[in-house]
Structure formats: C-alpha cells, structure tokens
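The values are calculated or read from the model by the stated rules, or taken from the named source; none is laboratory data. Not measured: the values here are computed from a predicted model. Note that we place each Cβ from the backbone using ideal geometry, even for glycine, and neighbour counts take in every protein chain shown. Side chains included, ligands, DNA and RNA excluded: accessible areas come from the protein's heavy atoms. Shrake-Rupley method; radii C 1.70, N 1.55, O 1.52, S 1.80 Å.
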Amino acid sequence: MLRLFGIKNSQFNDEGLFAEKLALLDGERRARVNALALREKKNSCLAAGLIVPLALKECGYTGEVVTATGQWGKPFLVKPAGRFYNVSHSGDWTVIALSDGEVGCDIQQVKPVDLRLAGRFFTAEESRAIAEAGGKSQELFYRYWVVKESYLKAVGVGLNRALNSFSARFTAGGVKVCDGEGDGGWLVSEIDCAEGYRLACCAREYAPDCGVEELKI
C-alpha cells in the first residue's frame, strides 16, 4: 500500500477555520504554530500537525495516533504499528506519503533559483546535465532535488547526508538511484501534483500512477 495525500495550506487564511483546527492539535504543536511570525509558515505548520491522523483515517484507521522520532529526526508511527509515513511541505502544499514500509517524499515549489547551487549540492554529472538543459534547467534542478531528498528521507538520514554523496539518473525506465554498491531496493517515483511543483516519493514500490489525494478539512 502506498498512497499520497495533500492539504492546501492557504485555506487556513480563514481565521475561523484556523482557530478551529489549531484547537485540535496537542500543546506542543500549537506552541510551534503560535511561535511562527509569517502566516504562510503558521498555515504550513498547522497542516503538518493535522495531516497524519487525517491521512490514516482516509486509509481506514480511526484509533489513537502516536508518533516518535528516530535517530536522525525522522518521525515514525508507534500507533498504528506497521504503518510508515513521511511529510513534506513547500509553498501552498503539505503532502504525506503513507506506506506499509519505510517511505520518503519531498515536494518543492518551482521558483527561480541560482543554478550555481547545483555545483554545491549535486554531483558533477548532475550539475553538467542541468547546465546543458537550456530552458529546462530550473525544472531539472528541482527534479534532482526532490528525487534525492525523498531517497535520503526514506533511508532515514534526511539532509544530514550530502545530496552529492550519491547520484540520480533519469532514464526511459524511470528514476535510478546510484548509491555505492546499489540502490538498496529503493524505488523512486516522480508524482504528478499541482502546477508549479515537483514531487517525488521513494519506497520499496513504484507509485507512478497514485497521484496526490487532497484531504477534506
């Protein structure tokens, strides 16, 4: 089972809805939301606090939800056992991937970026591909970013490990991750999502056709 769900953050610009949903969060998450200055950040933090139980409910689970944090800061589910998730947010969207095994996802809003950053974050091969992509250089930068970050989130280390410590390649058969002796059985899918965004999911199964299901708040 691999499903992706999303929440559009800007709906929480409605003050009544914002207050109603904020009251549903635990004290720690409410404090985190209230400590943020920008409304966009508040909305995103609120969505991240709501999305786990909402997505589990869509998958048929209505019991207690208990989370904990792993060694490198990746959250995981204590209850329900045997389910795994990963959350990402950018711009107006917060998304979650739910799976029966470890999973990572990353969404990025595509906006102008200094392409010199490719030389800092990506491998020489990837940087060269971006430089040679012409009018598609910006989009390719973000394709590499979401694919590589989703992989690092799936293995549980996130950006504690450098993005240029392994390679990603786009082939006719899909995305291939090249990391040392092999990819460890991880499969990365690029997922269709909102216009102006790139989204990738990494798990033990492909998710090319699952799309993102928008959650009703």
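Whole number in Å², please: accessible area per residue of the chain, 1.4 Å probe, ligands, DNA and RNA not counted. Let's see the in-between values first.
Values: 10980 Å² over 217 residues.
So the chain comes to 51 Å² accessible per residue, rounded to a whole number.
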Just read off the accessible area of LEU2 with the full protein assembly in place, 1.4 Å probe, to the nearest 10 Å². 20 Å²
Explain nothing, just compute: Karplus ³J(HN,Hα) = 6.51 cos²θ - 1.76 cosθ + 1.60, θ = phi - 60°, for every residue of segment 82-91 in order, whole Hz, x for Gly and Pro. x, 10, 10, 8, 8, 10, 9, 8, 6, x
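Set the Förster radius R0 to 45 Å, insert the Cβ-Cβ distance between ARG169 and ALA37 as r into 1/(1 + (r/R0)^6), and round the FRET efficiency to 0.05. Walk me through the intermediate numbers first.
Numbers: r = 41 Å, r/R0 = 0.90.
That pair, ARG169 with ALA37, gives E of 0.65.
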Residue by residue through segment 19-26, which ³J(HN,Hα) values in whole Hz follow from phi under the Karplus form 6.51 cos²θ - 1.76 cosθ + 1.60 (θ = phi - 60°), with glycine and proline marked x? 5, 4, 6, 4, 5, 7, 7, 6
Gaussian network model of the chain, springs between alpha carbon atoms under 10 Å - residue of VAL147, VAL65, VAL157 with greatest fluctuation: VAL65
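Could you work out the local net charge near GLY6, counting Lys and Arg as +1, Asp and Glu as -1, over the other residues with Cβ closer than 12 Å to its Cβ? Can you show the working numbers first?
On the way: positive: ARG3, LYS8, LYS216; negative: GLU58, ASP92, ASP192, GLU213, GLU214.
Here the charged neighbours net out to -2.
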May I ask for the distance between the Cα centers of segment 114-156 and segment 27-105, given as a whole number of Å? 26 Å
Using a Gaussian network model of the chain with C-alpha springs under 10 Å, which one of LEU56, LEU117, LEU46 is most mobile by mean-square fluctuation? LEU117
Expressed in nanometres to one decimal, the distance between label points 7 Å along Cα→Cβ at VAL113 and VAL65 is 2.9 nm
Cα-based helix-to-principal-axis angle, 137-155 vs the chain, degrees rounded to 10: 60 degrees
So what is the calculated 222 nm ellipticity per residue for the chain, using -39500 (n - 2.57) for each DSSP H run with n of 4 or more, over all residues, to the nearest 500 deg cm²/dmol? -10000 deg cm²/dmol
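With the Cα gyration tensor of segment 97-217 giving a ≥ b ≥ c as the square roots of its eigenvalues, does the rule (a/c under 1.5 for rounded; else a/b larger than b/c for prolate; else oblate) give rounded, prolate or oblate?
Details: a/c = 1.71, a/b = 1.20, b/c = 1.43.
Oblate, because a/c is 1.5 or more while a/b does not exceed b/c.
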Whole-Hz Karplus ³J(HN,Hα) for segment 106-123, in order, using 6.51 cos²θ - 1.76 cosθ + 1.60 and θ = phi - 60°, x for Gly and Pro? 8, 10, 9, 6, 7, 9, x, 9, 6, 5, 5, 5, 4, x, 7, 9, 10, 6
Amide H neighbours of ASN86 under 5 Å, counting only residues 5+ apart in sequence or on other chains, H built in-plane at 1.01 Å? ALA97
So, over other residues within a Cβ distance under 10 Å of SER150, counting Lys, Arg +1 and Asp, Glu -1, the net charge is -1
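State the percentage of accessible surface on the chain attributable to carbon and sulfur atoms; use a 1.4 Å probe and exclude ligands, DNA and RNA.
Details: 5460 of 10980 Å².
Here carbon and sulfur together make up 50 percent of the probe-accessible area.
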